[in-house]
Amino acid sequence: MAAKTYYITTPIYYVNGPPHFAHAYTSVAADALARFARLDGREVHFLTGTDEHGQKVEQTARKAGVDPETFCNEISQQFRDMGTLMNISNDDFIRTTEPRHKRACIALWRKLQGNGDIFLGDFEGWYSVRDETFYEEDELINGKAPTGAPVEKIKEPNYFFRLSAYGPALLEHFEKNPDFIKPTSRRQEIINFVKSGLRDLSISRSTIRWGIEVPGDDEHVMYVWLDALTNYISALGYPDTDSELWRKFWPADVHLVGKDITRFHAVIWPAFLMAAGITVPATIFAHGWWTVEGQKMSKSLDNFIPPKVLTDRYGVDAVRYFMLRELSFGADGDFSDRAVVARCNGDLANGLGNLAQRVLTLVARRCGQRIPQPGRYTDVDRELLSVSTALLGEVRAEMEAQAPHRALETIWKVVAEANRYIVRQAPWSLPEAEADRLATILYVLTETIRNVAILVQPFIPTSASALLDQLAVPPDQRDLASFIARPLNPGQPVPEPVPLFGRLEERPARVTS
């Protein structure tokens, strides 16, 4: 049986620019997992937010002609607005400029320092402002960071964290907890990285001012990654480990991150936590990157896509569905308007939408606009009811494995089966003398649609709600506990059906800046 609580996080988004498609993708994926857990009776805490310190923010604000605080306020609000636009159901939004976060960072620093894991030294090496990351000489590729970002040579006094001491503990944790890093391709990368030897980590800067001051040394501010990673515990009230949020939700069930920041989350973050005597999260899941018609999203290529451009053209649920169905979660994928239209027309309009419209129109015309009373089931009827009922266990297993694409694939197999069933049974051709058989066919179909509608709520919440409304399913009977326990009630009046999904037309949506 699943645990009673569920704590899921997105990475906090860096405010050096406005949100785009990739940010929305991470939030939508986390939202689907959070919504499913709520439907499954779990108490959920879903956290997102913004990462607002560091040299890159300081420089970007200067270029914009405003102070860093004003700049951060504006961009952070844009990320909040993105969440509203994409129907994200987060329970909290953390900002690293908030007092509660600063308090937690200072407490964590003091804990690490008190345990002897922080020392003052000199850093001389390469730093990427874009990545907010230090690199050693042997990590550079053609004079640039492994990410392709430019680097600059710096030499300055820094505080260091004894990361090198935690290699054995990390490897032991990886071995004992195979689900700690997912997918498996990322796991092996991290194991190889740690086995190659860890260097002590610079965790302060003395040449910038936009950050959280190091306690006891105001000449330094905390390195942005120590600051940023702490958000996952500052939002639960750390260092108050007696708080209700902390007791209920830590350790986190899933940190959902992009694959480019896996090392920070799967190596540096658990090392900090181990050093502080704090339990590490259950899973770090690193999803893939989106390209746009084969090209990586890049400001230089002018192909960043603001989420609102897409939702204005295709609708929020269509965009959510495309994001979660098109890409195998954990792998890379490609965006194109052609793909959005093909996927949504095929699955939503022609698949689920057409099924629901045909069935509910027949219910309105032939059953007095009431859920029909079934008669004797045939083997074919039982087979469709059986596969639609079995969906619950199959979808639950896929969502617990952080595989929303497979969950949707499984659901749409039943949608396809229901469409084949209605074609073969042809209820529209049955005469009045076969009213019992007609009612049985339509009940099997409406119950199958109910099962599908309950399970697609995490993915396309607005459309699923509208479909459940058309089936007259009460709001308190839309959770997974009601999936089997509360089937449709024969004789229940239903409203006049209305189409759920219009057919989309390809409209290029590549707009930036």
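The values are calculated or read from the model by the stated rules, or taken from the named source; none is laboratory data. If you're wondering where the values come from, they're calculated on a predicted model, not measured in any experiment. Every residue, glycine as well, gets a Cβ built from its backbone with ideal geometry; the counts of neighbours run over all protein chains shown. Just the protein is used for accessible areas: all its heavy atoms, side chains included, with ligands, DNA and RNA removed. Shrake-Rupley method; radii C 1.70, N 1.55, O 1.52, S 1.80 Å.
Quick notes on this structure:
- In terms of its C-alpha gyration tensor, segment 1-124 has an oblate overall shape, because the principal axis ratio a/c (a ≥ b ≥ c, square roots of the eigenvalues) is not below 1.5 and a/b does not outweigh b/c.
- DSSP bridge orientation in the chain - percent antiparallel, rounded to nearest 5: 50
- Three-way shape call for segment 277-369 based on the alpha-carbon gyration tensor, with the a/c threshold at 1.5: oblate
- Solvent exposure ordering (accessible area, 1.4 Å, most first) of Trp225, Trp109: Trp225, Trp109
- Of all aspartates and glutamates in the structure, those lying under 15 Å Cα to Cα from Lys259, and not within fewer than 8 positions of it along the same chain, are Asp131, Glu189, Asp332.
- The angle between the Cα long axis of helix 21-39 and the longest principal axis of the Cα atoms of the chain comes to about 60 degrees, rounded to the nearest 10.
- Segment 77-84 - phi-based ³J(HN,Hα) in whole Hz, Karplus 6.51/-1.76/1.60, Gly and Pro as x: 5, 5, 6, 4, 5, 4, x, 5
- The alpha-carbon of Lys308 sits under 19 angstrom from the alpha-carbons of these lysines, leaving out residues fewer than 8 places away in its chain: Lys299.
- The tail of the calculated P(r) for segment 393-513, taken as Cα-Cα distances beyond 20 Å, holds 54 percent of the pairs.
- For segment 153-245, relative contact order (Cα pairs under 8 Å, six or more residues apart, normalised by length) works out to 28 percent.
- Using alpha-carbon coordinates, inclination of helix 184-195 to the longest axis of the chain, degrees: 10
- Our Cα-only numbers for the chain put the radius of gyration and Dmax at 25.9, 90 Å.
- Percent of C-alpha pairs per 10 Å bin, segment 1-49, short to long: 26, 46, 22, 7, 0
- Between the helical axis of 99-114 and the longest alpha-carbon principal axis of the chain there is an angle of about 50 degrees.
- Mean Cα-pair separation over length for segment 427-513, i.e. relative contact order, pairs under 8 Å, 6 or more apart, %: 24
- Relative packing of 286-294, 350-358, 144-152, 382-390, which averages over residues the other C-beta atoms within 10 Å, highest first: 350-358, 286-294, 382-390, 144-152
- Placed amide H near Asp92: partners under 5 Å, 5+ positions off or other chain: Phe46, Thr48
- For segment 50-62, 3J(HN,Hα) per residue [Karplus equation, 6.51 cos²θ - 1.76 cosθ + 1.60, θ = phi - 60°, Hz, x = Gly/Pro]: 10, 9, 10, 10, x, 5, 5, 5, 4, 5, 5, 5, 4
- Sites matching trypsin sites (Lys or Arg not before Pro) across segment 172-242 that sit in DSSP coil, with at most 14 neighbouring C-beta atoms within 10 Å: Arg199, Arg209
- Cross-link reach is defined here as a Cα-Cα straight distance under 19 Å, omitting same-chain residues fewer than 8 places apart; for Lys4 the lysines meeting it are Lys248.
- Taking the chain and dividing mean pair separation by its residue count, relative contact order in percent (alpha carbons under 8 Å, at least six apart): 16
- Estimated FRET transfer efficiency (Val498, Arg365; beta-carbon r; R0 22 Å; 0.05): 0.90
- Rounded percent of accessible protein surface that carbon and sulfur make up, the chain, 1.4 Å probe: 49
- Charge dipole (Cα centre; +1 on Lys/Arg Cβ, -1 on Asp/Glu Cβ; no other charges) of segment 177-274 amounts to roughly 600 debye.
- Tally of Lys pairs whose C-alpha atoms are under 21 Å apart, taken over segment 120-223, 8 or more apart or cross-chain: 4
- Helix-derived mean residue ellipticity, 222 nm - over the chain, DSSP H n ≥ 4, -39500 (n - 2.57), to 500: -14000 deg cm²/dmol
- Of Pro306, Ser76, Val319, farthest towards positive along the dipole that unit charges on Lys, Arg, Asp, Glu beta carbons give the chain: Val319
- A convex hull fitted to the Cα coordinates of segment 317-441 yields 118 cubic angstrom per residue.
- Simple label model, 7 Å out from Cα along Cβ direction - Ala342 to Thr291, nm: 1.5
- Rg to Rh quotient for segment 365-414, alpha carbon positions, Kirkwood Rh: 1.16
- Highest to lowest packing among 476-487, 443-454, scored as the average C-beta count within 10 Å: 443-454, 476-487
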